[in-house]
Amino acid sequence: MTNTATATVATTAAPRYAKQLASHLGRRSEIKEIGEDIAIVLTVGECRLHSTPEALELTATADTEEDLKTVTRVVGSHLERFGQRNELAVDWNY
């Protein structure tokens, strides 16, 4: 059974943040482009990034709850750090 968490991060710069996150995490992870979306594939799970004009939508998946928490922690903390000036906040829904 796959565990899933979602988050919608309000920003008008979603494509820029998605690209920055993929570029940074791509040093140690696989990055896949799926249509207009980006998937960051970590060893424990993955996070799909979808940009809209008003937000960056995140969907994290993993096989276990523990692995899901790792994916959400890694992706969320990096995104919040990159968006610190704009006070980005990632609030995951499990």
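Things to note:
- The residues neighbouring Thr11, those whose beta-carbon lies less than 12 Å from its own, together hold a net charge of -2 under the Lys/Arg +1, Asp/Glu -1 convention.
- Its Cα centre serving as origin, the chain has a Cβ charge dipole (Lys and Arg +1, Asp and Glu -1) of approximately 440 debye.
- Based on C-alpha pairs under 8 angstrom that are at least 6 apart in sequence, the chain has a relative contact order of 37 percent.
- MRE, 222 nm, helices only [DSSP H, n ≥ 4, -39500 (n - 2.57), over the chain, to nearest 500]: -10500 deg cm²/dmol
- Near the amide H of Thr52, within less than 5 Å, lie the amide hydrogens of Glu57, all on another chain or at least 5 residues away, with H placed in the peptide plane.
- Here the Kirkwood formula puts the hydrodynamic radius of the chain at 12.9 Å, using every distinct Cα pair.
- For the pair Tyr94 and Phe82, the difference between a 0.36 nm per residue extended length and the Cα-Cα distance amounts to 2.0 nm.
- In Hz, Karplus ³J(HN,Hα) per residue of the stretch 4-14 (6.51, -1.76, 1.60; θ = phi - 60°; x = Gly, Pro): 9, 9, 10, 8, 10, 9, 5, 6, 8, 10, 4
- Near Leu79, once Lys and Arg are set to +1 and Asp and Glu to -1 for all other residues with Cβ below 14 Å from its Cβ, the sum equals +2.
- For the chain, with +1 on Lys and Arg beta carbons and -1 on Asp and Glu, the positive-most of Thr2, Thr72, Pro15 along the dipole: Pro15
- Coordinate range of the alpha-carbon atoms in the stretch 1-46 per principal axis, descending: 34, 23, 19 Å.
Values quoted throughout were computed directly from the atomic coordinates according to the rules given, and no laboratory measurement underlies them. In this text the structure is predicted, and so the values were computed from the model without any measurement. Cβ: placed from backbone, ideal geometry, glycine included. Neighbour counts: every protein chain shown.
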